[in-house]
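Here is the structure we will look at.
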Amino acid sequence: MVVTLDTHLLGWRTRDLDLAYLPFTRGMGIAQSASDPVFQQLVRERASVPKADAAAVKVTPKAVAAALTIARKGAPLTGGGSLRDNLRSPLPRAAVETFLDVFSTPAVTWDDLAKAREWTSLPIILKGIVHPDDAQSALDAGMDGIWISNHGGRQIDQSVPTLAVLPEIAERVAGRVPIVFDSGVRGGADAAIALALGATVVALGRPYAYGLGIAGETGVREVVRNLLAELDITLGLAGLTSVAQLDRNALREV
């Protein structure tokens, strides 16, 4: 279970603001929540609340387009009904409203993470760690992994680069739990550097999304294949035969 700490509220994203872009409001990107039984119960409870007077609602072309998109994404909530059924159902719209309510909260504390640790035996990884003290707090709270990430640099302008903090966090963790690393990884050489500095796993953000946008599943597969190929060649050119041989000795500070 991954608890995302770096998006407890959305950052100031000027391009999204210029385009009025928030896909969640159109039912896009919420499938993981919409398929969850607890979330579905929250949606059903919200849908039973009396609706505002329909005459007071202004209908615009954009609103109609948004309603159609929400309806198309409403199948997990309406049992896979037709578009007409989804348009008639209050559940898809209630799902969007519910998601926007529960998507994030600035009120989460270390005590809440302790509760999560009590509630489940599943491994819990904290994503968004960029300070060794927070990594230590995660270990003290019984977390099973550290995920170093600044959310691809999309949250705080001039945020600390994840690669800059990876070595000191890895030193503090000292191998007690796995370290996942992301933000700024664009190729196999980037992955090699992160692994050499102490990452256990390197995650991809934008590259896989680019592949997905260009060629769907095939595009994602090609992105991963190319990155692994570059990683393999990078190891060979560095005189190494396996990822396990990567450490700081493979790097030179410039």
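Under a point-charge model restricted to the Cβ atoms of Lys and Arg (+1) and Asp and Glu (-1), what is the dipole moment magnitude of the chain relative to its Cα centre, in debye to the nearest 20?
1180 debye
Please work out the FRET efficiency for the pair R206 and R84, using the Cβ-Cβ distance as r and a Förster radius of 41 Å; give the result to the nearest 0.05.
0.65
Taking the Cα centre of the chain as the origin and placing charges on Cβ (Lys, Arg +1; Asp, Glu -1), which of G128, N226, L22 is farthest toward the positive end of the dipole?
Looking along the dipole axis, the top candidate is L22.
With unit charges on the beta carbon (Lys/Arg positive, Asp/Glu negative), name the residue among S35, V165, V102 whose Cα is farthest towards the positive pole of the charge dipole of the chain.
Comparing the listed Cα positions along the dipole, S35 ranks first.
Could you give the nm distance between label points at T4 and E45, where each point is 7 Å from its Cα heading toward the beta carbon?
Label-label distance for T4 and E45, simple model: 2.3 nm.
Say R0 is 41 Å: what FRET efficiency, to the nearest 0.05, do L251 and A31 get from their beta-carbon distance?
0.55
Considering the dipole of the chain built from charges on the beta carbon (Lys and Arg +1, Asp and Glu -1) around the Cα centre, which of T200, L10, G239 is farthest to its positive end?
The one lying farthest along the dipole's positive direction is L10.
W12 versus D133, label points 7 Å from Cα toward the beta carbon: distance in nm?
The answer from the label model is 2.5 nm.
Angle check, please: helix 37-47 long axis (alpha carbons) against the longest principal axis of the chain (alpha carbons), in degrees 0 to 90, nearest 10.
30 degrees
Once the piece of chain linking K115 and Q158 is laid out straight, how much longer is it, given 0.36 nm per residue of separation minus the C-alpha distance between them?
Between K115 and Q158, full extension yields 12.2 nm more.
Helix-only mean residue ellipticity at 222 nm, the chain, DSSP H runs n ≥ 4 weighted -39,500 (n - 2.57), per residue, nearest 500. What is it?
-15000 deg cm²/dmol
Readers should treat all values here as calculations from the given coordinates under stated rules, not as data from a laboratory. If you're wondering where the values come from, they're calculated on a predicted model, not measured in any experiment. Reconstructed Cβ throughout: ideal geometry from the backbone, glycine too, with neighbour counts over all protein chains shown.
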